[in-house]
Amino acid sequence: MSEAVEDTGYNPEAGILKPPVTNVGLVGWVRANLFNGWFNSILTVVTLWFLWKVVPPMVRWLFLDAVWTAGSEACRDASGACWSVITENIRFILFGFFPYDLQWRPLIAMFVLFGLLYYSQDRTHWKKSLLYAWILGLFAMGLLMRGGLFGLEPVDSNKWGGLPLTLLLSVFGLAAAYPLGVVLALGRQSTLPGVRWICIVYIEAIRGVPLISLLFMSAIIFPLFLPEGVTINKILRAQVAIILFTAAYIAEVVRGGLQGMSRGQYEAAESMGLNYYQTMRLVILPQALKIVIPPTVSILISAFKDTSLVVIIALYDILKTTKSVISDPEWLGFSREAYLFVALLYFLGCFSMSNYSRRLERELKTD
């Protein structure tokens, strides 16, 4: 009798009938999600068989049989990945043609940038002191990269490259494109015909051409219109092209958020005596920007990945320095490992942006 009670899960003292073990915990979850029908059961078995065939060989190739520190000759005799193409050329991949003995400067500049980004992700830090911290940090990064003051050796911007250049184009490009996109969205809804049509023409013209064409124009065509003897830094021209291109797409996303606001919000602001600037700053934009967080982040992530297109105008960003390494006859044939490394860096950047946007949505209780 006691055995029967234990089998059914009934506790006579507490008077509680426990659910069967096969319906709760890990076993219950597996039954409910992986084997809850003949089709799902077959699909689960096929998936497990596929993973069994693919994952172990991949792990062996990626880690167990991989070559990490030896030269290219050792890689050619190995059956695994040749991560030596990264470890042996890591400084050129990360810093490009920046002087070898001065590469500690862009390294510190990147740590400063990462520190500012990490500190800024907490909304409780969004105060005036954060603005001063960014101004000071930007000055320090520019000083480290450029030099020329406090005994730092000057380094021409043509030698900038690798990961610092990618971060420069992406972080500052996105930071400048967002407020410009908001202004364009407000301008497109302006009651002033001149302002409205200028914004419409700009947005539609920019969205009608690919980013690669703007980069070509900034690198090749734009210098033809400058007076003789006047030049503008190539990195700056590419940065402006990225900003202008991204701002046009952000403007349309923000405009969708503005159109989603009810007329009652505007009437409530008018009843309180707020002018246009106060209405937008205090009432409309805070709500409109919250509801367009997901599409806005999608645009920013796409723009972050599009910065790799600067390779076509001979800017040595992280992708260009990597391509230069695998173009070396010594490292021919190891492009898979090199591109996997670059893909990992881009994934970390995109995942960080996506993860932060989801957290920001939860904090702002955006549906």
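Values quoted throughout were computed directly from the atomic coordinates according to the rules given, and no laboratory measurement underlies them. Since this is a predicted model, take the numbers as computed values, not measurements. Positions of Cβ are generated from backbone atoms using ideal geometry, with glycine treated the same way; all protein chains shown enter the neighbour counts.
Here are some notes:
- The Cys residues in the chain with no partner Cys Cβ within less than 4.7 Å of their Cβ are C199, C350.
- In the chain, taking the dipole from charged Cβ atoms about the Cα centre, the farthest positive-side position among G147, N233, G80 is held by N233.
- In terms of packing, defined here as the mean over residues of other Cβ atoms within 10 angstrom, the peptides 317-328, 46-57 line up highest first as 317-328, 46-57.
- Kirkwood hydrodynamic radius over Cα pairs of the chain, then Stokes diffusion coefficient at 20 °C and 1.002 mPa s, in µm²/s: 84 µm²/s
- Under 15 Å, Cβ to Cβ, from V283 - net charge with Lys/Arg +1 and Asp/Glu -1: +1
- For the chain, the Cβ-based charge dipole about the Cα centre amounts to some 1000 debye (Lys, Arg positive; Asp, Glu negative; other atoms uncharged).
- Too-long pairs where the Cα-Cα distance tops 23 Å, listed order kept, from K127/K365; K128/K159; K159/K320; K234/K305: K128/K159
- For a label point 7 Å along the Cα-to-beta-carbon line of F111, residues of the stretch 144-168 with backbone N under 16 Å: 144-145, 164
- Between the stretch 233-263 and the stretch 284-347, the alpha-carbon centres lie 19 Å apart.
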